[in-house]
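Novice: Following this message is one structure expressed as structure tokens.
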Amino acid sequence: MQHTGLYYPYVHLRDESWAKAAALYWKRLARVVPDGFPVRDESVVKELRQANFLVDTDPAGAAAAVAPAFITAVEEYGTALRGQYAVAGRPFTAQRAADPRRIRPRRYLAGLYPQEVSRELESALVEAGLAERSKREWVEDRPIDWVAVDAMLAWVYKCALTEELARRTAFVPVTDQVDAHAAGDGWSSEQILRVLLGGGRGPAAAQTESRIALMAVQCVLPADLENVPVEKIIKLRTDYADEFALFAAAVDTASAELRGATREVTDFAAFEIHLNDTFEQHIAQPLESLRRAMKGLKWETMSTALTVKAEVTVAGGAIGLLGGAATAVGAGLAFTTVAARQTAAHQRDSLLASSPAGYLLRIEKELTPQTLVRRAGRAAMRAAGLGI
């Protein structure tokens, strides 16, 4: 599993809960930030950035690389594209940029930042009636002249730009927008036209790592993730780095198997079946097996402790008659109990460290909201070697 995801199609992460979840399965998350773009992050995203989880990458080189395919598509099919995506007389707001929920009906125009579109492509789009450059909005007292295009065209361009940038950086495209997976095998002019004029696209094979990992994390996340402090997310990533690496390797194995099995699959429903079967085999079943093993370990440890206590209590009636020997019995009991706790803790840690699902169980335990009484009880159990 590659260690860095590449977020798209936006600059700003729209969902803080999604950002927290992403921080649990990516070592790092890059985002596409054109030169000079006015970044305005909320507090959670700022903290993730300060923790070196979120990094920025400039798309200028990728923009120059994808421009020829779009220019060719515009030059060869300008009339057909203009029939669906002409910009004349349509209102604009940059806040609606590339939002799939706004694509139908296509009323508003979307905004592309000038530094993420090559000058040659911008000129071709303007000449064909598919873009306007005079759309100004103020961002933090600063005027920006956006390149205004149809939302669907902006959407396709963002997907193509991100895929090219991913190829150049070896990052993995990842998004919180389910309709963003428009292609995974390159953006030729034919593919661009097929999506813009025919609506065709294939299964999101390039998204297998991020989808499997996100499915796994979602299995153990608390329902109110938005209320979990981001500091806990950052601490969990740091404290259990080895278990995270084992989990990442399992995701990599699962995604490689899925890509091999679905290389020729073009049916979305069939792809989803393969995805779920792979997830069940490599993630869900190991997680359930680990849960059962942990429960069994706790029960066996507790039974042993109770047995030792009972035996010493019965023996104590006779041994107590020996006077000073009682102290020795107490010391022996303490030694036996400590040894049992240490053995249980070692078995527990071995189970977690050897299972690809150990990291998931850590997430489940560490992020589940608890009352003060439950927290105290859990601390006591952990000290006794009976809890995680």
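The values are calculated or read from the model by the stated rules, or taken from the named source; none is laboratory data. Just so you know, these numbers come straight off a predicted model, no measurement behind them. Here the Cβ positions follow ideal geometry from the backbone for every residue, glycine too, while neighbour counts run over all protein chains shown. Please note that ligands, DNA and RNA were not included when accessible areas were found on the heavy atoms of the full protein model with its side chains. Shrake-Rupley method; radii C 1.70, N 1.55, O 1.52, S 1.80 Å.
Novice: Applying the selection to segment 37-69, what residues are part of a helix (DSSP H, G or I) and small (Gly, Ala, Ser)?
Specialist: Initial filter on segment 37-69 (part of a helix (DSSP H, G or I)): 43-50, 60-69.
Correct list: SER43, ALA60, GLY61, ALA62, ALA63, ALA64, ALA65, ALA67, ALA69.
Novice: Under 6 Å between Cβ atoms, at least 6 apart or on separate chains: pull out the pairs that start in segment 242-260 with a residue that is closer than 15 Å to MET215 by Cβ and end on any residue that is among the aromatic types (Phe, Trp, Tyr) and open to solvent by less than 50 Å² (accessible area, probe 1.4 Å).
Specialist: Every condition considered, the pairs that remain are PHE247/TYR359.
Novice: Exactly one of these conditions fails for ALA86: (1) of a type outside the set (Lys, Arg); (2) open to solvent by 70 Å² or more (accessible area, probe 1.4 Å); (3) modelled with pLDDT of 90 or more; (4) touching a Gly at 6+ places or on another chain (Cβ under 9 Å). Give me its number.
Specialist: (2)
Novice: Here is a further query. Given the conditions (1) over 30 Å from PRO229 (Cβ atoms); (2) surrounded by 12 or more Cβ atoms within 10 Å (Cβ to Cβ); (3) modelled with pLDDT of 50 or more; (4) not hydroxyl-bearing (Ser, Thr, Tyr), report the number of the one that ALA345 does not fulfil.
Specialist: The failed condition is (1).
Residue by residue, here is whether (1) open to solvent by less than 20 Å² (accessible area, probe 1.4 Å); (2) free of Cβ contacts under 8 Å to residues at least 40 places away in the same chain; (3) more than 26 Å from LEU361 (Cα to Cα) holds:
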| residue | (1), (2), (3) |
| --- | --- |
| ALA19 | yes, yes, no |
| ARG31 | yes, yes, yes |
| PHE37 | no, no, yes |
| VAL44 | yes, no, no |
| GLN50 | no, yes, yes |
| ALA67 | yes, no, yes |
| ILE71 | no, no, yes |
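Novice: Does THR307 satisfy the condition of being modelled with pLDDT under 85 and surrounded by fewer than 15 Cβ atoms within 10 Å (Cβ to Cβ)?
Specialist: Numbers: modelled with pLDDT under 85: yes; surrounded by fewer than 15 Cβ atoms within 10 Å (Cβ to Cβ): yes.
So THR307 passes the test.
Novice: Now a separate question. Those residues that are open to solvent by 40 Å² or more (accessible area, probe 1.4 Å) and not hydrophobic (A, V, I, L, M, F, W, C), I need them from segment 269-297; list them, please. Give the steps one after another, and end with the answer.
Specialist: As a first pass, look at segment 269-297 and keep what is open to solvent by 40 Å² or more (accessible area, probe 1.4 Å): 269, 272-274, 276-277, 280-281, 285, 288-289, 291-292, 295.
GLU272, HIS274, ASN276, ASP277, GLU280, GLN281, GLN285, GLU288, SER289, ARG291, ARG292, LYS295, listed by residue number.
Novice: Can I ask one more? Here is a list: ALA23, ALA63. Which entry is buried (at least 18 other Cβ atoms within 10 Å of the Cβ) and under 15 Å from GLU120 (Cβ atoms)? Let's see the steps before the verdict.
Specialist: On the way: ALA23 fails: under 15 Å from GLU120 (Cβ atoms).
None of the other options fit; the residue is ALA63.
Novice: State all residues of segment 248-268 that are open to solvent by 20 Å² or more (accessible area, probe 1.4 Å) and assigned to a helix (DSSP H, G or I); if no residue qualifies, say none. Can you show your working first?
Specialist: Pass one, segment 248-268, residues open to solvent by 20 Å² or more (accessible area, probe 1.4 Å): 249, 252-253, 256-257, 259-261, 263-268.
Across segment 248-268, the qualifying residues are ALA249, ASP252, THR253, ALA256, GLU257, ARG259, GLY260, ALA261, PHE268.
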